[in-house]
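Read through the structure below, which is laid out as structure tokens, and then see the notes.
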Amino acid sequence: MNVTVLAIFDEFNPNAALAKVMKERLIRLATELQDVHLKTFSNLKPLSDDVVIYVSYNPKYTIRWRIVNDVPGFVEIEVAKICALLNYIPWKTSAINVFKQN
């Protein structure tokens with residue numbers, strides 16, 4: 001199973017004090033989550049499956065995470081456990097608005 005963790009800077013203010021440090025920290029934590037904490041997923045079968053996880057800061061600069069592709073339930077549970085141990089919070093998303101064209 002391929003694991004990819006991406007640092008997302010959607011609500012990140014690039015002009016904030018310590019912006020460069022915070023950005024580098026998020027990238028480092030994403031790499032660490034992928035290469036250290038979720039390394040055991042690389043041995044799960046089928047090896048061709050993927051897990052894609054986004055990490056970001058919330059408005060209070062707490063690390064949040066979410067899985068962005070379809071994965072088996074046990075993978076979601078394990079990722080949630082690992083992220084909870086790291087004090088990362090689930091990324092709550094709002095509903096996607098769909099506009100109809102007439």
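The values are calculated or read from the model by the stated rules, or taken from the named source; none is laboratory data. Please read these numbers as outputs of a predicted model, since none were measured by experiment. FYI the Cβ positions are ideal-geometry reconstructions off the backbone, even for glycines, and counts take in every protein chain you see. Only protein heavy atoms, including side chains, enter the accessible area calculation; ligands, DNA and RNA are left aside. Shrake-Rupley method; radii C 1.70, N 1.55, O 1.52, S 1.80 Å.
At a glance:
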| read-out | value |
| --- | --- |
| Pick from region 36-49, criterion at pLDDT 90 or above and not in a loop (DSSP other than H, G, I, E, B), ranking: nearest to I82 (Cα to Cα) | H37 |
| Every pair of residues 6+ apart whose Cβ atoms lie under 9 Å, when the first sits in region 1-29 and is more than 14 Å from W65 (Cα to Cα) and at pLDDT below 80 while the second is among the aliphatic types (A, V, I, L, M) and surrounded by 12 or more Cβ atoms within 10 Å (Cβ to Cβ) | F12/A19; F12/M22; F12/L26; N13/A19; A16/M22 |
| From V55, V51, V71, residue being under 13 Å from M1 (Cβ atoms), of a type in the set (A, V, I, L, M, F, W, C) and touching a residue at least 24 places away in the same chain (Cβ under 8 Å) | V51 |
| Residue in region 20-35 that is exposed (fewer than 14 other Cβ atoms within 10 Å of the Cβ), part of a loop (DSSP other than H, G, I, E, B) and either small (G, A, S) or more than 10 Å from the chain's Cα centre (by Cα) (or both) present | no |
| Criterion (modelled with pLDDT of 90 or more and among the aromatic types (F, W, Y)) met by exactly one of Y88, Y61 | Y88 |
| Filtered residue count, region 62-81, keeping only those that are farther than 21 Å from P46 by Cα and in a helix (DSSP H, G or I) | 1 |
| Selected residue (only one of N15, N2, N43 is open to solvent by 60 Å² or more (accessible area, probe 1.4 Å), touching a strand residue (DSSP E or B) at 6+ places or on another chain (Cβ under 8 Å) and more than 20 Å from I89 (Cα to Cα)) | N2 |
